[in-house]
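Mind having a look at this structure? Questions to follow.
None of the figures in this text is laboratory data; all of them are computed from the coordinates on show. All values reported here derive from a predicted model rather than from experimental measurement. Note that each Cβ is placed from the backbone with ideal geometry, even for glycine, and that neighbours are counted across all protein chains shown.
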Amino acid sequence: MTFVNISVDVERDLHSGDYLGVTEGLKIFEKIVEKYKIKPTLFVTGEVIEKYGEIFKRLQNNRWEVGFHSYDHKRFDKMDNEEKNNDIKKGLKIFRKYGLKVNGFRAPQHSIDENTFKLLKENGFKYDSSNASKDILQLVHLIRGSNKSIFGFLRQFFSKSNPYKKNGVLEIPTSALVIPFVGYSLRILPLFLMKFLFLLLKRRKVIVFYCHSWDFIEINDSLTYKICKLDRFLNKLDKILYFISERSEFVKLENI
Ligand SMILES: [Zn+2]
């Protein structure tokens, strides 16, 4: 049996830096996942919790998982060890303030590195879900210059696709087979291709699909939103979740 996780990275909105994805988008996402009785995993930045902690308290009470996505979305491979540790501690303090239980971490833009694993262990995390194994889309970060290291890209691209232990922390990679199984692909590719990708990935133990809180709002300056407007994206998401629900069980990452 393949287990499928639906995860959402919850952060400030793309381009505008607003929080409409948090305040409006998540409500739309909630309606869709409720339909298929999915309990998703959210990776939320500390600064979003600082502003909207009550939303996440309610969702965790409804058995959704709430994980950590850094304090304010800086790349982890661009910080030194002390900065990383401060970011984690500052973030976790805010989660604790709202009584939120945290087991997992996803680094902004998949920027996980060796030292971060050590810090995750020290700070009590059970797992990380940052490695973008076999994901060609990560080349975008190299082209845009947000990630300077071709080796970092290659290391992730050729890393294991199934979960494995690293420095005492379980790594649960996001799923891709050259094409990533993510919201962006769902927007730009025809639905049959996403279904085909899912069937290919189904040979693995765990499939991790992810999208962003800002996938659930209109973003006018985005080219991908011009290709696929919000309504069409929601319709495709509904259809792929139905397709998955007929063939697999859904799981929260903390339960793997
Ligand atoms: Zn993010």
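Listed here are the residues, each with its yes/no results for (1) surrounded by fewer than 17 Cβ atoms within 10 Å (Cβ to Cβ); (2) assigned to a loop (DSSP other than H, G, I, E, B); (3) not small (Gly, Ala, Ser).
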| position | (1), (2), (3) |
| --- | --- |
| 109 | no, no, yes |
| 115 | yes, no, yes |
| 121 | yes, no, yes |
| 132 | no, yes, no |
| 143 | yes, no, yes |
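Related question: Would you mention how many residues in the range 66-105 are over 25 Å from residue 18 (Cβ atoms), within 16 Å of the ligand (Cβ to nearest atom) and in contact with a Lys or Arg (Cβ under 8 Å, 6 or more places away or on another chain)?
So the count comes out to 1.
Taking the range 19-57 on its own, how many of its residues are within 19 Å of residue 91 (Cα to Cα), more than 14 Å from the chain's Cα centre (by Cα) and of a type outside the set (A, V, I, L, M, F, W, C)?
Residues in the range 19-57 being within 19 Å of residue 91 (Cα to Cα), more than 14 Å from the chain's Cα centre (by Cα) and of a type outside the set (A, V, I, L, M, F, W, C): 9 in total.
Consider residue 22 against the criteria (1) in a helix (DSSP H, G or I); (2) within 23 Å of residue 116 (Cβ to Cβ); (3) touching a helix residue (DSSP H, G or I) at 6+ places or on another chain (Cβ under 7 Å); (4) within 13 Å of the ligand (Cβ to nearest atom): it satisfies all of them except one. Which criterion is unmet?
Residue 22 satisfies all of (1) in a helix (DSSP H, G or I); (2) within 23 Å of residue 116 (Cβ to Cβ); (3) touching a helix residue (DSSP H, G or I) at 6+ places or on another chain (Cβ under 7 Å); (4) within 13 Å of the ligand (Cβ to nearest atom) except (2).
Same structure, new question: Return the total of residues in the range 38-52 being of a type outside the set (A, V, I, L, M, F, W, C) and in contact with a helix residue (DSSP H, G or I) (Cβ under 7 Å, 6 or more places away or on another chain).
5
A further question on this structure: Return yes when residue 175 is within 28 Å of residue 227 (Cα to Cα), surrounded by 18 or more Cβ atoms within 10 Å (Cβ to Cβ), hydroxyl-bearing (Ser, Thr, Tyr) and touching a His at 6+ places or on another chain (Cβ under 7 Å) and no when it is not.
The answer is no for residue 175.
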